[in-house]
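Here the structure comes first, spelled out in structure tokens, and everything after it is commentary.
The values are calculated or read from the model by the stated rules, or taken from the named source; none is laboratory data. Everything numeric in this text was worked out from a predicted model, so none of it was measured. Don't worry about glycine lacking a Cβ; one is built from the backbone with ideal geometry, like all the others, and counts go over all protein chains shown. Heads up: the accessible areas ignore ligands, DNA and RNA and are worked out on the full protein's heavy atoms, side chains in. Shrake-Rupley method; radii C 1.70, N 1.55, O 1.52, S 1.80 Å.
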Amino acid sequence: MANPNPLMAKSSGTDTADAAVQSALRTLDAEGGGIAALSAALQSDLRAPFVAAADLIRNAKGRLIVTGLGKSGHIGRKIAATFASTGTPAFFVHAAEASHGDLGMITAEDVILALSWSGEQPEMKNLISYAARFRISVIAMTAERESSLAKAADIALTLPKAREACPHNLAPTTSSLMMLALGDALAIALLEGRGFTSIDFSVLHPGGKLGALLKYTRDLMHSGDAVPLKPLGTKMSEALVEMTSKGFGCVGIVDARGHLAGIVTDGDLRRHMGPDLMTATVDEVMTRNPKTIDRDVLAGEALEILNSSKITTLIVTDAGKPVGIVHLHDFLRAGVA
């Protein structure tokens, strides 16, 4: 058999790629419609139960127990993790495993958040009965207002109906995203309501990229003799030796009280390049009122200052006095950048 025409093969490949992109766009459009419907519901019928759910979780003496099955279970695990990482003690209990001993994880002081699009999973029945027996508050997240789950719950977060991105309207796609978004909305509402700060966040995220971003400048800075410093009146020839020996491409200039008065950088050297540069004083060459940073600023914020200012080094000050220095390379080594 003759080989296919290369031009025809290329055309077929292009058509396949176009079809894949069009399919993806339809998926995003369908899921975007679901989020838009959820946003509209929060401004109408869903508003009051959402507020009630947030208050119930906030005032609970115990933890938030998130439960579900299938795709709702997978979404539930993510929601529980988001709550836990933003200051609301939470964990996931699989609804089917609950009937085989995991009910013992749930106490009377907890609140249950049960996810089910239909609200009719039979595996959820034992868990709901357990909640009723021990008077444990239940929040249902479902699309069916008249479902068994919604009726049994203390608060029902009824999601608006939306078509799945699946062309057969079967595979949970839009519905899963809507549940996840509503869970995120609850978690962030509680975070903001209790004033959960980036410092609180750092306590719960000591590892990985987030942990690196949440280190403090004091954790990364060089201090003591490593900081390149010279007093006002220093000859530029001496200042250049200090710059070269310390390896930061700059030298901080301090006044008689030890306060930072300016900085001499590689850029300052280029701007003042001439036969008299080495005999000039740092007072004539330095940039006054240089950009500095406090030792208690988070590393992520310090990196943003470096990037936005298009500089590579910051002198760290305390009450106007230089106590350290940080370079872009320090952020790279720490995994921040």
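Things worth noting here:
- Carbon + sulfur, % of accessible area of the stretch 31-170 - ligands and nucleic acids excluded, 1.4 Å: 53
- Rounded to the nearest 0.05, the FRET efficiency derived from the C-beta distance between Ser237 and Arg26 at R0 = 56 Å is 0.20.
- For the stretch 204-337, the Cβ-based charge dipole about the Cα centre amounts to some 220 debye (Lys, Arg positive; Asp, Glu negative; other atoms uncharged).
- Spacing of the two label points (7 Å from each Cα toward its C-beta) at Lys310 and Cys166, in nm: 5.2
- For the stretch 60-166, the relative contact order is 24 percent, taking Cα pairs closer than 8 Å that sit 6 or more residues apart in sequence and dividing their mean separation by the residue count.
- A crude spin-label estimate for the pair Arg271 and Asp45, with each label 7 Å from Cα along the Cβ direction, gives 6.4 nm.
- Backbone amide hydrogens, once placed in the peptide plane, bring Gly324 within less than 5 Å of Val316, excluding anything fewer than 5 places away on its chain.
- Of Leu115, His259, Ala153, farthest towards positive along the dipole that unit charges on Lys, Arg, Asp, Glu beta carbons give the chain: Ala153
- Folded to 0 to 90 degrees: helix 47-59 orientation relative to the chain principal axis, Cα: 70
- Listed residue (Thr67, Val51, Pro89) projecting farthest to the positive dipole end of the stretch 9-92, Cβ model: Pro89
- Each peptide among 185-191, 174-180 gets the average number of other Cβ atoms lying within 10 Å of its residues, and from highest to lowest they stand as 174-180, 185-191.
- Taking a point 7 Å from the Cα of Ala36 along the Cα-to-Cβ direction, the residues of the stretch 151-176 with backbone N closer than 19 Å to it are 159-167, 173-176.
- Relative contact order, whole percent, for the stretch 214-337 stands at 32, derived from Cα pairs under 8 Å and 6 or more residues apart.
- Equivalent ellipsoid dimensions for the chain as semi-axes, Å, which come from the Cα gyration tensor, largest first: 57, 31, 16
- Relative contact order (%) - criterion: Cα under 8 Å, at least six apart; region: the chain: 14
- About the Cα centre, charge dipole magnitude for the chain (Lys/Arg +1, Asp/Glu -1 at Cβ), debye: 240
- Highest-MSF residue in the chain out of Ile155, Ile57, Ile311 [GNM, Cα springs under 10 Å]: Ile311
- Remark on Ala90: its backbone amide H falls under 5 Å from those of Leu64, Ala84, a criterion applied only to residues 5 or more positions apart or on other chains, H modelled at 1.01 Å from N.
- Only one residue of Leu298, Ala181, Thr234 has its Cα farthest out toward the positive end of the dipole of the chain, where Lys and Arg carry +1 and Asp and Glu -1 on Cβ, and that residue is Ala181.
- Degrees between helix 236-246 axis and first principal axis of the chain (Cα, 0 to 90, nearest 10): 40
- Solvent-accessible heavy-atom area per residue, rounded to whole Å², over the chain at 1.4 Å: 52
- Dipole moment magnitude, nearest 20 debye, the stretch 86-143 about Cα centre, only Lys, Arg, Asp, Glu C-beta charged: 160
- Highest-MSF residue in the chain out of Ala299, Ala95, Ala226 [GNM, Cα springs under 10 Å]: Ala226
- Expected 222 nm ellipticity per residue - DSSP helices of 4 or more, -39500 (n - 2.57), all of the chain, to 500: -14000 deg cm²/dmol
- Degrees separating the helix 299-309 axis from the principal Cα axis of the chain, which is the longest one: 60
- Ranked packing of 262-271, 135-144, most packed first, by mean Cβ within 10 Å: 135-144, 262-271
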